[in-house]
Amino acid sequence: MSLIERLTDEFARLPGIGRKTALRLTYHLLKVTSQEAHRLADAIVAASENVRPCETCGTFTEVSPCRICTNERRDRSIVCVVEEGPDVGAIEATGEYRGLYHVLGGRLSPLDGVGPAELNVNSLLDRVSGESPVREVVLATNPSVEGEATAMYLHRLLAPLGVRVTRIARGLPVGGDLEYADGVTIAEALQYRRDL
Amino acid sequence: MYLSSLRLTNFRNFADERLTIPREGVAIVGDNGQGKTNLLEAIYYLEIFRSFRGAPDDQLVRFGEDVCRVEGLVGGAGEARTIAAAYDRRARRKKVTVDGVEPDRIGDALGRVGVVMFSPADVALVSGSPAGRRRFLDIVLSLTERHYLEDLQRYRQILLQRNAVLRAGESTALVSAWNPGLVRAGSRVVAARLRWVRSRRDSFAARIREIANGSDAALEFDPSLPLDEEESGDDLDRVVATFESELARTADREQRRGATLVGPHRDDLRMRAASGGHGEWVDLRVYGSGGQQRTAAVALRMVEADTLRERLGSEPVILLDDVFAELDVGRSQRILRWVDREAPAQVIITAPKPADIELRGGALPVWSIRGGHVESL
Ligand SMILES: Nc1ncnc2c1ncn2[C@@H]1O[C@H](COP(=O)(O)OP(=O)(O)OP(=O)(O)O)[C@@H](O)[C@H]1O
Ligand SMILES: [Mg+2]
Ligand SMILES: [Zn+2]
């Protein structure tokens, strides 16, 4: 196998990258300086060797426990459960949330062979049981069919532990148009209506 | 609504045909296997972006070609719209556009033509399996109820996931995690079906009396959930409560059988008719004669036309594919009279011989079709 083929194959293995894009990336890199190529290669190796899931919450981090878990100013009585690492970034970006996180690493999807054993469920239960400071678990899985089922399942496991379990509100997207929202969304927006 | 022009490219046995369709419609005459049904299939493709015969898209592409395309100019109450649909067999990709713009989801572009298709294969709606009748309901309701399709798709996805859990023999905690979603989406589907049947029962019976010279018949919803059709009140709340209690009741059994046993995926429609003499009502699926079954199928399509007319605020285009082949003269005449009364609806009708069609006082233009080529006579 030629070096061009080898590199192209590696790119093509990445999610969302087809053969054509892989080839374009390869040819692009052939034109850059060796210094730039090393910078990319080093960044990949460094990230892969130094970034790990946080031993407490599962977020990718260079120091475990992560900076959020060790931050004294964060509210330790509340844990927000999300599907994937980037969801933490999305919530952090709002600046509205001061509690801790728990990353499941996916959502229940029996068709894809993903059950509770494939997710960080046990570590969540451990965080909440016993002498835990956690008073509330916010289930922030996606409002998809699978995300909803995952939230239902977790609710069932968490409720007997005496912790308050909440689900992020669903409803109409800001800037969305009532007329075009689907029936389930409208029904839920009505069901979770609030006083003004 | 009416179709003013149509262009077919590599669709079935059409290489490249451009047709200008008269406002009142057209009668298309041709021997067997020349493309009559294919032409109507193409028109209906612009309505639901699938074959009305349930053929996979691959089969619509002309032999030896990769991409088929249908484009139609549709006029109606508002301004004219161009609707186009193409399917690339190699890339397995479908592209739908309305006035050149691709909708976010293909489902958003459904029903833009406004068309009802009568086909000889419709007899299977009465004589065939429940799946065919659910498909009928799903198409009519997707075309006329704004959120039906989303609810249905969501329901199907949850059902697949839930059945996968059941098949794997997982704990009830894992199974029931899917229940709220299943009940929420499924109940909306059931309630829409229930409302549709309730609102169409009388007109179905009236259509049958009209075509079959006074015979009595009834259209009933036969839901998987034990719902009383007569009872009104809030349908959705009632369906939700029933769905929940039925899931609880069947929990053990579904664990053993490894599948969800109740819900809209098991609904059915029932058509019954008063059988001669004894005043008994029989299920047309089981006991109907061939003619009775065909009549009921035609009546069901007429009721579909009523539903579309109300949604569109104008007459749907009526496609009649060789429907009189197996009906007696009296019934055929009465169906034609219905079509005539539907004027100003555009009618596109096919038959093997010109003599079979005597519509609109013989005023409908006649075209001939041969080997995928259309010519006006
Ligand atoms: N993908 C395709 N490519 C080319 N030809 C096709 C394709 N699919 C079907 N055909 C041809 O189309 C013809 C059938 O056309 P169609 O079903 O429209 O006939 P018809 O005029 O309705 O006949 P009938 O009177 O028997 O119902 C057949 O000859 C078949 O071989
Ligand atoms: Mg035919
Ligand atoms: Zn952490």
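The values are calculated or read from the model by the stated rules, or taken from the named source; none is laboratory data. Note that this is a predicted model, so its numbers are computed, not measured. Here Cβ is always computed from backbone atoms with ideal geometry, including for glycine, and neighbour counts include all displayed protein chains. Ligands, DNA and RNA are excluded from the accessible area calculation, which covers all protein heavy atoms including side chains. Shrake-Rupley method; radii C 1.70, N 1.55, O 1.52, S 1.80 Å.
In plain terms, the bigger the Kirkwood radius, the slower the diffusion; for the stretch B:63-176, with that radius from Cα pairs, at 10 °C and 1.306 mPa s, Stokes-Einstein puts D at 90 µm²/s. Projected onto its three principal axes, the C-alpha set of chain B covers 67, 59, 37 Å, listed from the longest axis down. A compact globular protein would have a Cα radius of gyration near 2.2 N^0.38 Å; the ratio found for the protein assembly as shown is 1.20. The helix-based estimate of mean residue ellipticity at 222 nm for the protein assembly as shown, built from -39,500 (n - 2.57) per DSSP H run of four or more residues and divided by its residue count, is -13000 deg cm²/dmol to the nearest 500. For B:Gly263, the amide hydrogen comes within under 5 Å of the amide hydrogens of B:Ser224, B:Leu225, counting only partners 5 or more places away or on other chains and with H modelled in the peptide plane. Quick check: from the Cα gyration tensor, does the stretch A:73-167 come out rounded (a/c under 1.5), prolate or oblate? Because a/c hits 1.5 or more and a/b fails to exceed b/c, the stretch A:73-167 counts as oblate.
Please state the shape class of the stretch B:218-377: rounded when a/c is under 1.5, otherwise prolate if a/b exceeds b/c and oblate if not, all from the C-alpha gyration tensor. Cα axes put the stretch B:218-377 in the prolate bin.
Enter the mean number of other protein chain beta carbons within 10 Å of the beta carbon of each residue in B:159-171, as an integer.
Mean number of neighbouring Cβ atoms from other chains: 3.
Projected onto the charge dipole of the protein assembly as shown (+1 at Lys/Arg Cβ, -1 at Asp/Glu Cβ, origin at the Cα centre), which of B:Ser215, A:Pro53, A:Leu40 gives the Cα projection farthest towards the positive end? Projecting each Cα onto the dipole axis, the largest value belongs to A:Leu40. Here the stretch A:3-50 is described by how far its Cα atoms reach on the three principal axes: 29, 24, 16 Å, from widest to narrowest. Rolling a 1.4 Å probe across the protein heavy atoms gives the protein assembly as shown an accessible surface of 50 Å² per residue.
Keeping the other protein chains in place, figure out the carbon and sulfur percent of the accessible area of the stretch A:1-127, with a 1.4 Å probe.
Numbers: 4520 of 8290 Å².
Of the solvent-accessible surface of the stretch A:1-127, carbon and sulfur hold 54 percent.
The charge dipole of chain A, taken about the Cα centre with unit charges on the Cβ atoms of Lys, Arg (+1) and Asp, Glu (-1), comes to about 180 debye, rounded to the nearest 20.
For peptide B:172-181, compute the average count of partner chain beta-carbon atoms within 10 Å of each residue's beta-carbon.
6
The mean count of C-beta atoms from other chains within 10 Å of the C-beta of residues in A:113-126, rounded to a whole number, is 1.
Here's the list of lysines a cross-link from B:Lys353 could span, going by alpha-carbon distance under 30 Å and ignoring same-chain residues fewer than 8 apart: B:Lys36. Viscosity 1.567 mPa s, temperature 4 °C: Stokes-Einstein D of the stretch A:31-71 from its Kirkwood Cα radius, in µm² per second? Answer, rounded: 112 µm²/s.
Orientation-averaged projection of chain A equals 16.5 nm² [convex hull of Cα atoms, one quarter of hull surface area].
Interface of B with A. Using a 1.4 Å probe and counting protein heavy atoms only, the two chains hide about 1900 Å² of accessible surface, both sides summed.
Given axes a ≥ b ≥ c from the Cα gyration tensor, I'd like to know whether the stretch A:33-124 is rounded (a/c under 1.5), prolate (a/b larger than b/c) or oblate. In terms of gyration-tensor shape, oblate.
Count charges around A:Ile68 for me, please; just the other residues with Cβ under 15 Å from its Cβ, Lys/Arg as +1, Asp/Glu as -1. Cβ neighbours under 15 Å give a net charge of 0. Pairwise Cα separations in the stretch B:127-312 fall into 5 Å bins from 0 onward with the following percentages, short to long: 1, 8, 16, 18, 17, 14, 11, 8, 5, 2, 1, 0. Of the chymotrypsin sites (Phe, Trp or Tyr not before Pro) found in the stretch A:92-192, those that fall in a DSSP loop while having at most 13 other beta-carbon atoms within 10 Å are A:Tyr192. Under a 5 Å amide H cut-off, with hydrogens placed 1.01 Å from N, B:Phe221 pairs with B:Arg270 among residues at least 5 apart or on other chains. So, counting K/R as plus one and D/E as minus one, what does the shell of residues with Cβ under 13 Å around A:Gly99 add up to? So the surrounding residues net to +3.
Using 5 Å bins from zero, what percent of all Cα-Cα pairs in the stretch B:1-81 falls into each bin? Reading upward from the zero bin: 3, 14, 25, 26, 18, 9, 4, 1. Here the stretch B:238-327 is assigned +1 on the Cβ of each Lys and Arg and -1 on the Cβ of each Asp and Glu. Its dipole about the Cα centre then comes out at about 360 debye.
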